[in-house]
Amino acid sequence: MRIAIIKNSNSQSKTAAKKLEDKLTAAGFEMDLDTPDVVITVGGDGTLLGAFHRYAQQLDHVRFIGVHTGHLGFYTDWRDFEIDQLVQALLNDSGQSVSYPLLDVLADYEDGTTSHYLALNEATLKRLSGTMRCDVYIKEDFFESFRGDGLCVSTPTGSTAYSKSNGGAVIHPRLDAMQVTEIASINNRVFRTLAAPMILAPDEWVILRPEPFQDYLMSIDQFSITPQLVTSIRFKIASERIHFARYRHMHFWDRVEDAFIGAKQ
Ligand code: NAP
C-alpha cells in the first residue's frame with residue numbers, strides 16, 4: 001500500500017506526521033506523494049479539504065484518512081495520540097471504505113470558455129462590492145431573482161461548515177443531496193426570495209445567471225476565484241465521490257453533538 005501524508009503547518013501536526021511516517025515506514029508501507037492508495041492528512045478538516053483538491057484527479061483509487069491534531073472533526077476520525085492504533089488498522093486493512101457526495105460546478109464565461117470544479121464542502125458566488133443580483137433556475141426552470149450578498153451550494157458533508165452559518169440544515173452524509181443557502185438576501189416589498197434553505201434531489205441541478213458585473217467572487221471550499229464575466233454557473237451532485245478508509249464507525253449525529261453542543265450532561 002502506497003501512502004501520502006499531508007500535514008498543515010502547525011508544529012503539533014508536523015510532529016505527529018513525522019511520528020506517523022516513521023511508524024508506517026517501519027511497518028513496511030511505501031511513502032508516495034504522487035500516486036498514493038491512501039492519503040492521510042494530519043491537521044484539521046481544512047487540511048483534508050486541501051488534500052482532497054490535491055488528489056481530486058485520483059478520486060477513483062484514493063482513500064482518505066483524517067488525523068486531527070485538535071478536536072475531532074467531520075472528515076477526521078483519528079486523533080494524533082492514536083497513531084499506533086491507526087498503523088495497526090492500516091496493517092489489517094481489507095479495503096473497507098465509505099463514500100460521500102461531491103458538488104460539480106460548471107461556470108460559463110462570456111467569451112465562450114468554461115471552468116469545471118469539484119467541491120467537497122461547498123461553492124459560493126458573491127460580489128466583491130455591491131449587491132449580487134442573479135436569477136436562480138432549478139433544472140431549466142426560472143425559480144427566483146436573488147438580491148443579497150450571495151448564494152452558497154453545499155454537499156451533505158459541507159452542511160456543517162459555511163452552509164450551517166447561513167442557517168442551512170445539517171444533512172446526514174449518506175443522503176445524495178445538495179443544499180442552497182442564502183447569504184444575507186434582501187427581502188422587502190420589492191425583492192423576494194425563498195428566504196429558506198433549499199435541499200435538492202439527486203437528479204436536480206441549480207443554475208445561477210448573475211447580472212453581468214465584473215467583480216464576482218466564486219469560492220470552491222477554501223479557494224477563491226474571481227471569474228471575469230461569468231454568464232452562468234451550474235451546480236449538481238457530482239458523479240465522482242470521495243472515499244474514506246473507514247476502520248471504525250462514529251455516528252454522524254454524535255459527531256455533530258460533539259462539535260456543536262458539547263459534553264452531554
Ligand atoms: P478556515 O477559515 O481556516 O476554517 C474554517 C473552519 O471550518 C475550521 O474550523 C474548519 O475545521 C471548519 N470546517 C471545515 N470543513 C468543515 C466541515 N465540513 N464541517 C464543519 N466544520 C468544517 O478555512 P479552512 O479550514 O480552509 O476551511 C474552509 C472552509 O471554511 C470552507 O469550505 C467553508 O465551509 C468554511 N467557511 C466558513 C465560513 C463561515 O462559517 N462563516 C466562512 C468562510 C468559510 P478545522 O479547524 O478542523 O480545520
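A short reminder: the numbers here are calculations on the coordinates, not readings from a lab. As the structure is a prediction and not an experimental result, all values here were calculated from the model. Don't worry about glycine lacking a Cβ; one is built from the backbone with ideal geometry, like all the others, and counts go over all protein chains shown.
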Skipping prolines and chain starts, which residues have an amide H placed within reach, meaning under 5 Å, of the one on Ala238, given they are 5 or more residues away or on another chain?
Leu102, Leu103, Asp104
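Expressed as cubic angstrom per residue, what is the convex hull volume of the alpha carbon set of segment 102-239?
Output value, Cα hull per residue: 99 Å³.
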With the Cα gyration tensor of segment 145-219 giving a ≥ b ≥ c as the square roots of its eigenvalues, does the rule (a/c under 1.5 for rounded; else a/b larger than b/c for prolate; else oblate) give rounded, prolate or oblate?
prolate
Hey, what do the phi angles of segment 146-156 turn into as Karplus ³J(HN,Hα) couplings, whole Hz, using 6.51/-1.76/1.60 and θ = phi - 60°, x for Gly and Pro?
9, 10, x, 6, x, 10, 10, 10, 10, 8, x
For the chain: relative contact order, % (alpha-carbon pairs under 8 angstrom, 6 or more apart)
20 percent
Pop out the ³J(HN,Hα) list for segment 119-126 in order, Karplus 6.51 cos²θ - 1.76 cosθ + 1.60 with θ = phi - 60°, rounded to Hz; leave Gly and Pro as x.
10, 8, 8, 6, 10, 10, 10, 9
Calculated from DSSP helices alone, with each H run of at least 4 adding -39500 (n - 2.57) and the total divided by the residues of the chain, [θ]222 nm to the nearest 500 comes to -5000 deg cm²/dmol
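I need the per residue convex hull volume for segment 3-127, using only the alpha carbons, in cubic angstrom as a whole number.
Values: hull volume 16.4 nm³, N = 125.
Taking the convex hull of the Cα positions in segment 3-127, it is 131 Å³ per residue.
Below 8 Å, C-alpha to C-alpha, sequence gap of six or more: please give me the relative contact order for segment 102-239 in percent.
Worked out over segment 102-239, it gives 32 percent.
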Final fewest-first order of Val206, Val230 on the 10 Å Cβ neighbour count is Val206, Val230
Estimated vicinal HN-Hα couplings, Hz - segment 56-70 in sequence order (Karplus 6.51, -1.76, 1.60; Gly, Pro = x)
4, 7, 10, 5, 5, 10, 9, 10, 9, 9, x, 10, 9, 9, x
When a/c is below 1.5 the answer is rounded, else prolate if a/b is larger than b/c, else oblate, so apply that to the chain with a ≥ b ≥ c taken from the square roots of the Cα gyration tensor eigenvalues.
prolate
Beyond 14 Å, what percent of the Cα pairs of segment 12-60 remain?
57 percent
Peptide ranges 34-46, 183-195, 71-83, 15-27 listed from the most packed, as the mean C-beta count within 10 angstrom indicates
34-46, 71-83, 15-27, 183-195
Going highest first, how would you order 173-182, 102-111 by mean Cβ packing within 10 Å?
173-182, 102-111
